[in-house]
Amino acid sequence: MERTFIAIKPDGVQRGLAGEIIRRFETKGFTLVGLKFLQPSRELAEQHYAVHKERPFFAGLVDFITSGPVVAMVWEGDGVIASARKLIGATNPLNAEPGTIRGDLGANIGRNIIHGSDAPETAEYEIGLWFKPEELVNWTPTI
Ligand code: CMP
């Protein structure tokens with residue numbers, strides 16, 4: 001079964017959107033298999049966003065993601081990586097469709113509330129970075 005890494009960023013946490021965002025993933029029918037609340041270290045943030053290291057916004061992005069607590073999650077389900085990206089919406093909330101998390105709740109590319117893995121390799125890398133294997137719960141809903 002496919003898994004993806006989802007993080008509610010400091011702006012989402014501070015605006016009290018964590019419950020709303022988790023509800024959208026639950027009601028879609030995905031299964032939560034990992035959840036933690038932490039303020040990321042610079043090392044973790046730099047590793048997480050390593051692919052953007054040369055971009056002009058990298059330093060600001062790392063400053064922001066380490067500025068407060070984050071809700072880090074792993075969600076499981078058929079096609080969850082692509083489906084979660086649809087639920088989340090375009091990177092820039094100004095371009096995100098109404099009905100998506102960023103389209104409904106965000107208004108700024110630097111404060112876009114949530115992160116979701118963009119491909120299977122990224123999901124594997126990000127899950128391994130944020131979670132130890134024993135922190136993930138292997139379970140199957142029975143209803
Ligand atoms: P995320 O999905 O976490 O992946 C990379 C992040 O970089 C992205 O969301 C944005 O928060 C951020 N980002 C991308 N482009 C820009 C930009 N032009 N200016 C500031 N931040 C950006």
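The values are calculated or read from the model by the stated rules, or taken from the named source; none is laboratory data. No experiment lies behind these values; they were computed from the predicted model shown. Don't worry about glycine lacking a Cβ; one is built from the backbone with ideal geometry, like all the others, and counts go over all protein chains shown. For the accessible areas, the whole protein counts, side chains as well, though only heavy atoms, and no ligand, DNA or RNA atoms are used. Shrake-Rupley method; radii C 1.70, N 1.55, O 1.52, S 1.80 Å.
Tell me, what % of the accessible area of the range 1-78 is carbon and sulfur with a 1.4 angstrom probe?
51 percent
Rounded to the nearest 0.05, what FRET efficiency do GLU2 and GLU134 have when you use their Cβ-Cβ distance and R0 = 22 Å?
That gives a FRET efficiency of 0.60.
Using the Cα centre of the range 1-101 as the reference point, and only Cβ charges (+1 on K/R, -1 on D/E), how large is the resulting charge dipole? Debye, rounded to the nearest 20.
100 debye
On a straight-distance basis, which lysines could pair with LYS132 in a cross-link, Cα separation under 17 angstrom, same-chain partners fewer than 8 positions away excluded?
Of all the lysines, those that pass the test against LYS132 - Cα under 17 Å, at least 8 places apart if same chain - are LYS36.
On average, how much accessible surface per residue is there in the chain, in Å², for a 1.4 Å probe, leaving out ligands, DNA and RNA?
So the chain comes to 54 Å² accessible per residue, rounded to a whole number.
Assign unit charges at the C-beta atoms only (+1 for Lys and Arg, -1 for Asp and Glu), then state the dipole size of the range 63-143 relative to its Cα centre in Debye, rounded to the nearest 20.
300 debye
Just want to confirm a number: the relative contact order over the chain, from Cα pairs under 8 angstrom separated by 6+ residues, in percent.
36 percent
GluC sites (Glu not before Pro), restricted to the range 42-86: which are DSSP loop and have at most 12 other Cβ atoms within 10 Å?
Within the range 42-86, the qualifying GluC sites (Glu not before Pro) (loop, at most 12 other Cβ atoms within 10 Å) are GLU54.
Separation between the THR142 and HIS52 pseudo-spin-labels, each 7 Å from Cα along Cα→Cβ, expressed in nm?
For THR142 paired with HIS52, the spin-label model returns 4.2 nm.
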